[in-house]
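Asker: This structure is in structure tokens; I'll ask about it shortly.
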Amino acid sequence: MKMLAEMFSLAPGNKDHHPAIRCAVGVFVPLFTLVLLGRLDLAIFASFGAFTGIYGRGEPHGTRFFLQLRAGGLMLVVILLASLAARMGAAWNLDAATTTWLLVLATTLVAGACSVAISWQRLRPAGSLFHIFAFAAIASIPNQPPLWQGLLVAVLTTAFCLLIGFSARALPGHRAQWVRPRPLRRTAEEKRAAWLEGLGYLVAAGLAGTLATWVGAQLGFGHNYWAMVAAVVPLVGHTTRHRVSRGVQRIVGTGLGLVLLAGIVLLDLQPWQTILVMALCQFGAEMFILRQYLLAQLFVTPLALISTLLVVPASPATLLRDRIVETIIGAAVGIAVVLAPTLWRRLRQA
């Protein structure tokens, strides 16, 4: 009952509209610019570059800038690797099944490596969820734009988000002393925890990707990386109950978010209107992500799928089906990974 109450409780706000506005602007301006240029094929690079803005949300301007600089740099590396991976797959002329399994393997390695990198740099949000999503989504694009164009859009979007991060310094009432973060000094215990966390992400993402790929091949589902993303959601949290709760909230929130997405699709929006909806969804996600994870998924789900539709047009019905199936598979795997150590200890004691 306690976990159920936690799922539907709303934590008090803490000026959440400030980071929400920054993130919404960081998404809207680059994407709207691409609409004006007629280059929506580059939208996915701008979308993932804009993830820079979600880091350091409650920090002073100086600290936030350097945290976002680290986070943005790591995301740019992931985007570059994903673009190169897509080109290598095309150059080797591999069949679809081999390409899919290699992508699962590569995404699994990214999940573990980026988790360790995020932990070592003490960035928040923790974990490699965004990096899994970015790598797999970009590497899955069949017709890649020129490499320099994709990277240029990602770099410019990242720089724009860095600018937004300290733009409030122009207002005297919001100006604080520019303080650079202290040099990172990691204890042996912190290093061990980072590697263990990376192992958890490696196992969860790898199992979810393998299971989703196998089930997809049998039943005709796609987008196996959505399962890998959902699998790492339960790995963030201070207690086992909280982690399991996040996994359940991911499933329920995704289902509700798909209902909202279905309504958006029926509106048959113009590209600029779609970009505006994405910005509003980004605002809603940042408003509630720390206060009520289930409610935040109402906005995260349409945001993720609309960004996919912008670059790779597909049947909305197919996307809705794949999203809920892959989310259930991934969240179930993530919850199992969270519970496995406890069950193993009890078995040993028995």
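Rule-based calculations on the coordinates, nothing more; no lab input. All figures in this text were calculated on a predicted structure; none of them were measured in a lab. So basically every Cβ, Gly included, is an ideal-geometry build from the backbone, and we count neighbours across all protein chains shown.
Asker: Using the membrane-span-like helix rule (whole DSSP H runs, Cα extent along the own axis of at least 18 Å, mean Kyte-Doolittle hydropathy at least 0.0), which helices of the chain qualify?
Answerer: Values: long enough: 17-37 (30 Å, 1.57); 61-92 (46 Å, 1.11); 96-120 (36 Å, 1.53); 147-165 (27 Å, 2.00); 188-219 (46 Å, 0.52); 240-266 (39 Å, 0.81); 271-288 (26 Å, 0.98); 293-311 (27 Å, 1.96); 316-349 (49 Å, 0.67).
Long hydrophobic helices here: 17-37, 61-92, 96-120, 147-165, 188-219, 240-266, 271-288, 293-311, 316-349.
Asker: Can you work out the FRET efficiency for the pair R321 and A96, with r the C-beta to C-beta distance and R0 = 30 Å, to the nearest 0.05?
Answerer: Computed FRET efficiency for R321 and A96: 0.95.
Asker: Could you work out how much longer the chain between S9 and M88 gets when fully extended? Use 0.36 nm per residue separation minus the Cα distance between them, nm to one decimal.
Answerer: 23.7 nm
Asker: Related question: Around C114, under 13 Å between beta carbons, what's the net of Lys plus Arg minus Asp minus Glu among the other residues?
Answerer: On the way: positive: R70; negative: E197.
Charge balance near C114 sits at 0.
Asker: Rounding to the nearest 20 debye, state how big the charge dipole of the chain is about its Cα centre with +1 on each Lys and Arg Cβ and -1 on each Asp and Glu Cβ.
Answerer: Result for the chain is approximately 1360 debye, rounded to the nearest 20.
Asker: Pick out, from T100, F66, V27, the residue whose Cα sits farthest towards the positive end of the charge dipole of region 26-111, with +1 on the Cβ of Lys and Arg and -1 on the Cβ of Asp and Glu.
Answerer: My answer, from the dipole projection, is F66.
Asker: Give me the distance in nm between label points sitting 7 Å out from Cα along the Cα-to-Cβ direction at R182 and L256, one decimal.
Answerer: 4.0
Asker: Could you check which residue among W195, W226, W148 shows the biggest mean-square fluctuation in a GNM of the chain with a 10 Å Cα cutoff?
Answerer: Checking each option, the largest mean-square fluctuation is seen for W148.
Asker: Rounded to the nearest 0.05, what FRET efficiency do L163 and R345 give with R0 = 35 Å and r taken as the Cβ-Cβ distance? Could you check?
Answerer: Rounded to the nearest 0.05, the efficiency is 0.10.
Asker: Quick one: putting +1 on the C-beta of Lys and Arg, -1 on the C-beta of Asp and Glu, what dipole do you get for region 202-350 around its Cα centre, in Debye to the nearest 20?
Answerer: Dipole of region 202-350, to the nearest 20 debye: 780 debye.
Asker: How high is the relative contact order of region 1-99? Use alpha-carbon pairs under 8 Å, at least six apart in sequence, and give a whole percent.
Answerer: Once normalised by length, the contact order is 19 percent.
Asker: Right, next: Sequence gap at least 6, Cα distance under 8 Å: using those rules, report the relative contact order of the chain to the nearest whole percent. Before the final figure, lay out the partial values.
Answerer: On the way: 500 pairs, mean separation 92.4, N = 350.
Reported as a whole number, the value is 26 percent.
Asker: Please compute the modelled spin-label separation between T239 and Q270, points set 7 Å along Cα→Cβ, answer in nm with one decimal.
Answerer: 5.1
Asker: Considering the zone a paramagnetic label at L152 would reach in this model (a point 7 Å from Cα along the Cα-to-Cβ line), which residues of region 27-67 have amide N under 20 Å from it?
Answerer: It comes to 29-50, nothing else.
Asker: Could I ask something else about it? Give me the number: length gained by fully extending L105 to A126, i.e. 0.36 nm times residue separation minus the C-alpha to C-alpha distance, one decimal in nm.
Answerer: Taking L105 through A126 to full extension adds about 5.4 nm, to one decimal.
Asker: Summing +1 for each Lys or Arg and -1 for each Asp or Glu, what net charge is found among the other residues whose Cβ lies under 10 Å from the Cβ of I54?
Answerer: That sum, taken over residues with Cβ under 10 Å, equals +2.
Asker: Picking from G330, G38, G53, which is most flexible by a Gaussian network model of the chain using Cα springs under 10 Å?
Answerer: It is G38.
Asker: Which residues make up the longest stretch of the chain clear of trypsin sites (Lys or Arg not before Pro) that lie in a DSSP loop with no more than 10 other Cβ atoms within 10 Å, not counting the sites?
Answerer: On the way: sites that count: K15, R185.
That gives 16-184 as the longest site-free run.
Asker: Continuing with this model, one more query. Which loop-located chymotrypsin sites (Phe, Trp or Tyr not before Pro) does region 1-102 contain, where loop means any DSSP state but H, G, I, E or B and the Cβ has at most 13 other Cβ atoms within 10 Å?
Answerer: When the chymotrypsin sites (Phe, Trp or Tyr not before Pro) of region 1-102 are filtered for loop state and at most 13 Cβ neighbours within 10 Å, F8 remain.
Asker: While we're looking at this one, here's another question. Relative to the Cα centre, what is the charge dipole magnitude of region 98-200, using +1 at the beta carbon of each Lys and Arg, -1 at the beta carbon of each Asp and Glu, and rounding to the nearest 20 debye? Spell out each step's value before the answer.
Answerer: Values: 10 positive and 3 negative charges, 118 e Å.
My answer is approximately 560 debye.
Asker: In the chain, if the dipole is taken from +1 on Lys/Arg beta carbons and -1 on Asp/Glu beta carbons about the Cα centre, which of I324, G247, A86 is farthest to the positive end?
Answerer: Looking along the dipole axis, the top candidate is G247.
Asker: Once a ≥ b ≥ c are taken as the square roots of the eigenvalues of the Cα gyration tensor of the chain, is the result rounded (a/c under 1.5), prolate (a/b larger than b/c) or oblate (a/b not larger than b/c)? Please list the in-between numbers first.
Answerer: On the way: a/c = 1.29, a/b = 1.05, b/c = 1.23.
Cα axes put the chain in the rounded bin.
Asker: Another one. Arrange the following residues from fewest to most other Cβ atoms within 10 Å of their Cβ: D268, D16.
Answerer: D268, D16
Asker: Hey, another quick one. Once the dipole of region 213-350 is set up with Lys and Arg at +1 and Asp and Glu at -1 on Cβ about the Cα centre, which of L269, P234, G284 lies farthest towards its positive end?
Answerer: It is P234, whose Cα lies furthest towards the positive end.
Asker: Another question about this same structure. Please report, in whole Å, how far the alpha carbons of region 213-350 spread along each principal axis, starting with the longest.
Answerer: 61, 39, 20
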